[in-house]
Amino acid sequence: MAYAIASGLVEKNFPCRLFHFDRDSAKYVRFESIGSSSCWKLEELLEACDTVFFAVKPQNFDELLAQMNGFPTGEKLFVSIAAGISTGYLAASLGRGAKIVRAMPNTPLLVSMGATALCANEQVTPQELCYVQQIFSQLGVCEIIEEELMNAIIAVNGSSPAVVYLFVKAFVDGAKEQGIDEQLAFRLFCQSVLGSVEMLQSTGKSPEELIRMVTSPGGTTLAILDSLEQSHFSEAIADSMRACTRRAQEIGK
């Protein structure tokens, strides 16, 4: 995800200088290939950057924050993309005056089609939050929300790409079962998904209105919708979203 953000900024010619640090130096070649400067110690990165991105897994945050213990945060802006890690938890280690933005991006950032949600603590100015929003907006859509919603938003944009991929796989597998070529089904269904999303975004019609446009009384679309309804499709999605939020709360700090 860190590389997706950095490479996207380079591709969009966003005005910034990039520095990187990772305990796995094997990753440096990839970052250096886009013009990012290598820092061989965490302290070097912290001294070089005005805005610092924490692109680490939630379980690795204690180790990272321990390494930063005692380092003056000053006027630096810290951006965390870890699920479940609150601004309050970070401020407890970085200092009460630390400026912290919490972000929930998703993997489509890799193709500049990401969807990111942001929140910030009170120390972050509106201008600074706008700056971070501009960064993520280079890579897709970026929205600002309240921190109390950050765990729940994970299901909406953070984890949902996996559900879309599962949805595609299920349709392609179903097509194969009925004798349709797998790659042909993949192309047709992916285009159907893209076209459906475009209609949602460009027509101004609600999902319910567009469903009615596709559905004829007693027709084939009604048959598939009725079957999904009998399988409690909508309830299953809602249950899965609640499970996602619960897990974020369990691993959260």
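The values are calculated or read from the model by the stated rules, or taken from the named source; none is laboratory data. Note that this is a predicted model, so its numbers are computed, not measured. All Cβ positions, glycine included, derive from the backbone under ideal geometry; neighbour counts span all protein chains shown.
What to note about this one:
- Of all the numbered requirements in (1) of a type in the set (A, V, I, L, M); (2) under 22 Å from Asn13 (Cβ atoms); (3) touching a strand residue (DSSP E or B) at 6+ places or on another chain (Cβ under 8 Å), Ala117 misses one, and that requirement is (2).
- Residues located in the stretch 38-73, provided they are of a type in the set (Phe, Trp, Tyr), closer than 25 Å to Ser7 by Cβ and part of a loop (DSSP other than H, G, I, E, B): Trp40
- Flag for Val111 being in contact with a Lys or Arg (Cβ under 7 Å, 6 or more places away or on another chain) and either surrounded by 13 or more Cβ atoms within 10 Å (Cβ to Cβ) or within 23 Å of Ala155 (Cβ to Cβ) (or both): no
- Residue selected from the stretch 4-41 under the condition without any contact (Cβ under 8 Å) to a residue 24 or more places away in the chain and among the aromatic types (Phe, Trp, Tyr), by the criterion surrounded by the fewest Cβ atoms within 10 Å (Cβ to Cβ): Trp40
- Complete set of residues in the stretch 96-112 that are part of a loop (DSSP other than H, G, I, E, B) and closer than 14 Å to Ser7 by Cβ: Pro105, Ser112
- If you go through the stretch 36-49 and keep only what is among the small types (Gly, Ala, Ser) and within 24 Å of the chain's Cα centre (by Cα), you end up with just Ser36.
- Considering the conditions (1) out of contact with any Phe, Trp or Tyr (no Cβ under 6 Å at 6 or more places or on another chain); (2) closer than 30 Å to Thr125 by Cβ, Cys142 is excluded by exactly one of them, (1).
- Here Ile211 does not qualify as more than 28 Å from Thr116 (Cα to Cα) and β-branched (Val, Ile, Thr).
- If the condition is being assigned to a helix (DSSP H, G or I) and free of Cβ contacts under 8 Å to residues at least 60 places away in the same chain, then the stretch 113-133 contributes Pro126, Gln127, Glu128, Leu129, Cys130, Gln133.
- Looking across the stretch 221-252 at every residue that is acidic (Asp, Glu) and at pLDDT 95 or above, the one that is farthest from the chain's Cα centre (by Cα) is identified as Asp226.
- Close Cβ contacts (under 6 Å, 6 or more residues apart or on different chains) running from residues in the stretch 216-241 that are over 15 Å from Phe167 (Cα atoms) to residues that are surrounded by 12 or more Cβ atoms within 10 Å (Cβ to Cβ) and of a type in the set (Ser, Thr, Tyr) comprise Thr221/Thr215; Leu222/Thr215.
- Filtered by the rule that a residue be under 24 Å from Ala238 (Cα atoms) and surrounded by fewer than 17 Cβ atoms within 10 Å (Cβ to Cβ), the stretch 121-151 gives Val141, Glu143, Ile144, Ile145, Glu146, Glu147, Glu148, Leu149.
- For Phe21, the conditions (1) modelled with pLDDT of 90 or more; (2) farther than 27 Å from Ile153 by Cβ; (3) more than 23 Å from the chain's Cα centre (by Cα); (4) not charged (D, E, K, R) are fulfilled apart from (3).
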